[in-house]
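Below: one structure, written as structure tokens.
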Amino acid sequence: MIRYALKCPHAHEFEAWFSSSSGFEDQQMRGLIECPMCGSTEVEKAIMAPSVRTTKGKDPVAEAHRVMAEAAYQVRQHVEKNFDYVGEGFAKEARDIHEGYSKDRPIYGEATPQDVKSLIEDGVPVAPLPVMKPVAPQADVPVVPSPSPKPAGNSKLN
């Protein structure tokens with residue numbers, strides 16, 4: 001299979017897959033390739049950078065996943081080191097801090113999806129805490145969540 005970047009006379013650009021280069025040429029000559037935007041069958045190849053993966057180079061997608069997983073892991077480590085863990089009392093404590101009833105400080109813990117929705121609707125700033133573990137450089141394995149170091153119930157978000 002081969003993928004071509006294509007364009008029509010109206011400058012619409014799109015991509016299509018073909019069984020081979022000759023397969024593209026045959027379909028083009030018979031007017032079977034059609035622009036999905038305007039329906040024109042006057043389609044030609046557009047300039048396209050090849051996507052060649054070598055064993056020497058890094059896979060940019062895998063590298064992006066690795067960088068994102070590492071960043072998420074670092075965020076979680078920072079939160080666990082510097083924030084107060086309030087457990088299942090997170091929603092109440094976050095609301096109390098927001099309303100000035102508790103000391104203003106960074107906290108984390110568990111909350112149900114309904115509690116999170118209610119906090120957001122009331123203007124209480126909350127965000128989910130990433131649960132990722134780092135991936136080794138150039139690893140071809142998918143990024144998988146690691147278990148939370150603090151226990152959380154089935155319907156809780158941390």
Report summary line: Descending accessible area (1.4 Å probe), largest on the left, turns Val61, Val79 into Val61, Val79
Report task. Roll a 1.4 Å probe over the protein heavy atoms and report the accessible area of Ser22 in Å², nearest 10. Result -> 70
Report summary line: Contact order relative to length for segment 61-127, counting C-alpha pairs under 8 Å separated by 6 or more residues, stands in percent at 29
Query raised in the report: Relative contact order for segment 2-47: what is it in percent, counting Cα pairs under 8 Å that are at least 6 residues apart?
Result: 45
Report summary line: Here the averaged projected area of segment 1-120, based on the convex hull of its alpha-carbon atoms and given in nm², is 14.2
Requested in this report: Give, rounded to the nearest 20 debye, the magnitude of the charge dipole that segment 61-135 has about its Cα centre when Lys and Arg contribute +1 at Cβ and Asp and Glu contribute -1 at Cβ.
Outcome: 280
Report task. With a 1.4 Å probe and every protein chain left in place, work out the accessible area per residue of segment 1-109 in Å², rounded to a whole number. Result -> 71
**Report entry** Relative contact order of segment 1-110, pairs being alpha-carbon contacts under 8 Å that are 6 or more residues apart, as %
**Finding:** 18
**Report entry** Nearest-10 value in Å² for the accessible area of Asp122, using the 1.4 Å probe
**Finding:** 80
Query raised in the report: Among the aspartates and glutamates, which have Cα under 20 Å from the Cα of Lys45 when same-chain residues fewer than 8 positions away are ignored?
Result: Glu13, Glu15, Glu25, Asp26, Glu34
Requested in this report: Round to the nearest 10 and report in Å² the accessible area of Tyr85, as given by a 1.4 Å probe over the protein chains' heavy atoms.
Outcome: 90
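The values are calculated or read from the model by the stated rules, or taken from the named source; none is laboratory data. None of the values given here were measured: they were computed from a predicted structure. Here Cβ is always computed from backbone atoms with ideal geometry, including for glycine, and neighbour counts include all displayed protein chains. Side chains included, ligands, DNA and RNA excluded: accessible areas come from the protein's heavy atoms. Shrake-Rupley method; radii C 1.70, N 1.55, O 1.52, S 1.80 Å.
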